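For reference, the structure is listed below as structure tokens.
Derivation of every value follows stated rules applied to the coordinates shown; laboratory data play no part. Note that this is a predicted model, so its numbers are computed, not measured. No Cβ is skipped: glycine too gets one built from the backbone with ideal geometry, and neighbour counts run over all protein chains shown.
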């Protein structure tokens, strides 16, 4: 309501009493100046560290699901369940997500989406270095970010026969095993060793971290390019991605602080990428370095890079020009009518399934009394005062969630002009991410060594070895440097090991617990990690209890 100033005329009666007859000047009384109300990036009143809102219980707004067991990440929102047609599309997409397609490969990481995103959650590390990696991949680049001319930008450890005959060993890499032009095996075999790092909190409590050493052997197409770097990445959970996609780009841009103007040591920046479906520059939101702008592109790139399945988005097989045996096998595949391995209808169904996976409700909230557990309330305060929210932005609002650019799903086909998705639109959500890139510090070095540690320059026994200090991978991807990572969302993090007991944390799974993940934070997150370490043991447990409630 517009405030109107009131003018009060004060008349003096002194003249009638023998005083001056001069009229008094009117006194103007101005309205009080209202306090300046600062709004957050979403145009909402900023959250308080002292007040936890009831609505924080509904992490995904209308897309919140009330499941806290092994199915927590694979459940559709109630609004989708009640819509017979949309429920059918979700079920069909779920089936495709769990099923091996025809024409996978010739080279691949895994033939089934669900095999990497176990129960729609995180992947898991091999139990030993003798087991092949089935839910983890290695990105490749030289020191400038350019892909390897032979192996491309991603290592594929399996050939198609690994998953065709029931014996996974049939397609594992053999040194120089794919050089003859018509016989194909996996590109190489990566494995992990760990070095134990011991540390101590200021209060005397001790902890141990495991620092990974990555080794790659049995290159089947010859050596990597000089100055090669490796970026190991464990499959992340995919719940809530449709909501993240629907956050307006301008709201994310409002969080950018490249020059650290607020002097908190945090200077997040955006990853701007090309949207292959439109040719326009767009905000990157998905993958560990925010390289994909949409769920559709993320799905299509996973089909191509991880499973060797072409689509209308990515039409090329995962074979470089120099991989003659890979191209030889690819030419023998049976294509669909549009000459791709997966049709637009199938792609749209899997996109719909991914976008509509709900977000589990928070734990620790009594819906009858509408009160939170005291440890969660105290832990939330500590999360805020430690400035973990400097990167893990708690709250966002979504805009109108546009339908698929592929078209509107119908029972028989795709039709033009897909309608917006109501359950994802105009929601208040609590993902705890700013979707920005942050420098987490560290550095890496790649050497060539024998198993005993002696240096080497080539040959069947000579392995590539990457050791890193901190979280760096030294791989440049688009706008992201070798020390930068996108802030991962935290919603559902407390259920990660309920969904998959073997799951671990961080981009490469090195952290066995949430506490270990915090202790790996460096770079822009160093002040927050130090604040966590300075807490008492009880306070650290309260903060962890809060994070586990997300």
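Structure data summary
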| quantity | calculated |
| --- | --- |
| Contact order normalised by residue count of the range 421-502, Cα under 8 Å, 6+ apart, percent | 35 percent |
| Residue-span extension gain [residue 410 to residue 54] - 0.36 nm each, minus C-alpha spacing | 124.4 nm |
| Length-normalised contact order of the chain in % [C-alpha pairs under 8 Å, at least 6 apart] | 20 percent |
| Structure-based [θ]222 nm, the chain - -39500 (n - 2.57) summed over DSSP H runs of at least 4, per residue, nearest 500 | -5500 deg cm²/dmol |
| The range 175-209 and the range 218-280: distance between their alpha carbon centers, rounded to Å | 23 Å |
| Difference of contour (0.36 nm per residue) and Cα-Cα distance, residue 363 to residue 44 | 112.4 nm |
| Sequence of 440, 533, 272 once ranked by neighbouring C-beta atoms within 10 Å, starting from the fewest | 272, 533, 440 |
| Relative contact order (%) - criterion: Cα under 8 Å, at least six apart; region: the range 148-272 | 20 percent |
| Mean Cβ count within 10 Å, highest first, over the residues of peptides 390-400, 204-214 | 390-400, 204-214 |
| Shape category assigned to the range 247-304 from the gyration tensor of Cα positions, a/c cut at 1.5 | prolate |
| The range 304-357 versus the range 440-495: alpha-carbon centroid distance in Å | 28 Å |
| Ranked packing of 490-501, 412-423, most packed first, by mean Cβ within 10 Å | 490-501, 412-423 |
| Zone residues, the range 459-489, relative to residue 176, backbone N less than 19 Å from point 7 Å out along Cα-to-Cβ | 459-464 |
| Cα gyration tensor, the chain - rounded (a/c under 1.5), prolate or oblate | prolate |
| The range 401-550 shape via C-alpha gyration tensor axes, a/c threshold 1.5 | oblate |
| Highest average packing first - 128-136, 355-363, Cβ atoms within 10 Å | 355-363, 128-136 |
| Fully extended contour minus Cα-Cα distance, from residue 83 to residue 526, at 0.36 nm per residue | 154.8 nm |
| Spread of Cα-to-Cα distances over 10 Å intervals beginning at zero, given as percent, for the range 357-474 | 10, 19, 21, 18, 20, 12, 1 |
| Pairwise FRET efficiency - residue 460 versus residue 127, Cβ, R0 = 25 Å, nearest 0.05 | 0.45 |
